[in-house]
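The values are calculated or read from the model by the stated rules, or taken from the named source; none is laboratory data. As the structure is a computational prediction, the values presented were derived from the model and not from experiment. Backbone-built Cβ (ideal geometry, glycine too); neighbour counts: all protein chains shown.
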Amino acid sequence: MFKPGDEVICIQTHSQGVVIKGKIYTVRDVVSSPCGCMSLLDVGLKTNRPLRECNVCGNVWNADNRAWLVGSWLFKKLLTDNEEKDLEEAISELLTGAN
């Protein structure tokens with residue numbers, strides 16, 4: 001779903017305020033938790049707290065303390081200009097065809 005370089009918008013503020021609803025971020029990396037339960041994004045934030053806990057199974061692991069990995073469910077991908085134009089054209093065709 002996400003890949004490095006994607007522009008994403010935060011749709012829900014992180015419980016500790018790490019990312020803020022409405023703010024746009026660039027995905028630097030996408031990783032899975034060691035237990036495989038969660039997809040996490042590196043959006044360039046730094047942390048000095050290396051421990052991370054899985055929201056699903058409770059597994060605790062030592063994460064890379066250079067980047068704060070944030071749950072992917074907090075974000076939606078922004079459309080590129082071409083994707084936005086294609087969507088507008090498809091909606092216009094649907095509306096025109098419905099009349």
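Could you identify the single residue in Leu74, Leu95 that is aliphatic (A, V, I, L, M) and exposed (fewer than 14 other Cβ atoms within 10 Å of the Cβ)? Break it down into steps so the answer makes sense when it comes.
Numbers: Leu74 fails: exposed (fewer than 14 other Cβ atoms within 10 Å of the Cβ).
Exactly one residue qualifies, and that residue is Leu95.
Looking at the range 24-54, which of its residues are β-branched (Val, Ile, Thr) and either in a loop (DSSP other than H, G, I, E, B) or more than 12 Å from the chain's Cα centre (by Cα) (or both)?
First, pick out the residues of the range 24-54 that are β-branched (Val, Ile, Thr): 24, 26-27, 30-31, 43, 47.
Residues satisfying the conditions are Val27, Val43, Thr47.
Yes or no: the range 80-88 includes at least one residue that is among the basic types (Lys, Arg), exposed (fewer than 11 other Cβ atoms within 10 Å of the Cβ) and out of contact with any strand residue (DSSP E or B) (no Cβ under 7 Å at 6 or more places or on another chain). Explain how you work it out, then say what you get.
At the first step, the residues of the range 80-88 found to be among the basic types (Lys, Arg) are 85.
Filter once more, so that each one left must be exposed (fewer than 11 other Cβ atoms within 10 Å of the Cβ): none.
There is no residue in the range 80-88 that is among the basic types (Lys, Arg), exposed (fewer than 11 other Cβ atoms within 10 Å of the Cβ) and out of contact with any strand residue (DSSP E or B) (no Cβ under 7 Å at 6 or more places or on another chain).
Lys21 versus (1) assigned to a strand (DSSP E or B); (2) out of contact with any Phe, Trp or Tyr (no Cβ under 6 Å at 6 or more places or on another chain); (3) at pLDDT 95 or above; (4) not small (Gly, Ala, Ser): which is the lone unmet condition?
Of everything listed in (1) assigned to a strand (DSSP E or B); (2) out of contact with any Phe, Trp or Tyr (no Cβ under 6 Å at 6 or more places or on another chain); (3) at pLDDT 95 or above; (4) not small (Gly, Ala, Ser), Lys21 misses just condition (1).
Can you list residue pairs whose Cβ atoms sit under 6 Å apart, with the first residue in the range 10-33 being surrounded by 12 or more Cβ atoms within 10 Å (Cβ to Cβ) and the second being among the basic types (Lys, Arg)? Count only pairs 6 or more apart in sequence or on different chains.
Short answer, once both residue conditions are applied: Cys10/Lys21; Cys10/Lys23; Ile11/Lys76; Gln12/Lys21; Thr13/Lys21.
Restricting attention to the range 63-83, report how many residues are at pLDDT 90 or above and of a type in the set (A, V, I, L, M).
Matching residues across the range 63-83 total 2.
Can you work out which of the residues in the range 1-18 that are in a loop (DSSP other than H, G, I, E, B), in contact with a strand residue (DSSP E or B) (Cβ under 7 Å, 6 or more places away or on another chain) and β-branched (Val, Ile, Thr) is modelled with the lowest pLDDT?
The extreme case among them is Val18.
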